[in-house]
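Here the structure comes first, spelled out in structure tokens, and everything after it is commentary.
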Amino acid sequence: MNILKLDTNLLLGKGRERECYIHPNDYTKVIKVVYRPDQNLNQNEMEYKYIQYLHKNKIDFSHLTDCYGHVNTNLGPGYIFDRVLDYTCEQSKSFKFMVLNSFLTQEEELILINELKEYIFKNNIIFVDIALSNVLCKKINETSYKLILTDGIGGKRDGFKALLYQYSQLFTRYKVIKQWNKFLKRYEKVSSMRNNNE
């Protein structure tokens, strides 16, 4: 059995349950590994199932990272996802970082947010983790950006609600609207922190 070796030099980030590492053999991919199994959130499995559902329904992935399945690592089982890179091949910054440090004008930020909203509502994307740090701001050329969801898509836990997200358009739409409103409030909060620093 082939086991990929991960170490701290490859560590990109850390969430409540998972750590994210650059793939040692492919810098355009990352591997997400559970380091807190006691959280019992099964985020990797949940996201993989939801992404498979999106593929089955031929959903556009222009604002999402894809998942390529399971891999064995020295830190335990992981899942391979796309890494979000700028057109220069540098690691994209989080939207939170961009807002707090005023890399964009507020008008530019709102344009990006509206583009993301249009995508999410058009495709009924369940986005449960509304932290701005989980949304990366991909620089696609010298003057243009795109927001990419990298974490927290699909349900929070496996079970009846997760099934409803796939089989009930009405329930899904309710959840999409609810989470989007939370995301906007989070953006307003982060934006106010930026304004206080100016």
Which number in (1) farther than 14 Å from GLY69 by Cα; (2) touching a Cys at 6+ places or on another chain (Cβ under 8 Å); (3) of a type in the set (A, V, I, L, M) marks the one condition that ILE31 misses? (1)
Condition broken by LYS49, with the remaining ones in (1) over 25 Å from LYS14 (Cβ atoms); (2) basic (Lys, Arg); (3) in contact with a helix residue (DSSP H, G or I) (Cβ under 8 Å, 6 or more places away or on another chain) satisfied: (1)
Cβ-Cβ below 9 Å, separation at least six or inter-chain, first residue in the range 177-189 and closer than 14 Å to ILE120 by Cβ, second exposed (fewer than 12 other Cβ atoms within 10 Å of the Cβ): which pairs? none
Please count how many residues of the range 55-92 are of a type in the set (A, V, I, L, M, F, W, C), more than 30 Å from THR143 (Cβ to Cβ) and either in contact (Cβ under 8 Å) with a residue 60 or more places away in the chain or out of contact with any helix residue (DSSP H, G or I) (no Cβ under 8 Å at 6 or more places or on another chain) (or both). 3
Is it the case that the range 8-23 has a residue that's open to solvent by less than 30 Å² (accessible area, probe 1.4 Å), in contact with a helix residue (DSSP H, G or I) (Cβ under 6 Å, 6 or more places away or on another chain) and under 23 Å from ASN141 (Cβ atoms)? no
So, first residue under 14 Å from VAL135 (Cα atoms) in the range 110-121, second residue in a helix (DSSP H, G or I), Cβ within less than 8 Å, six or more apart or across chains; the pairs are LEU112/PHE95; ILE113/LEU184; ILE113/TYR187; LYS117/TRP180; ILE120/VAL176; ILE120/TRP180
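The values are calculated or read from the model by the stated rules, or taken from the named source; none is laboratory data. Nothing here was measured: the structure is a model prediction, and the numbers come from that model. So basically every Cβ, Gly included, is an ideal-geometry build from the backbone, and we count neighbours across all protein chains shown. Side chains included, ligands, DNA and RNA excluded: accessible areas come from the protein's heavy atoms. Shrake-Rupley method; radii C 1.70, N 1.55, O 1.52, S 1.80 Å.
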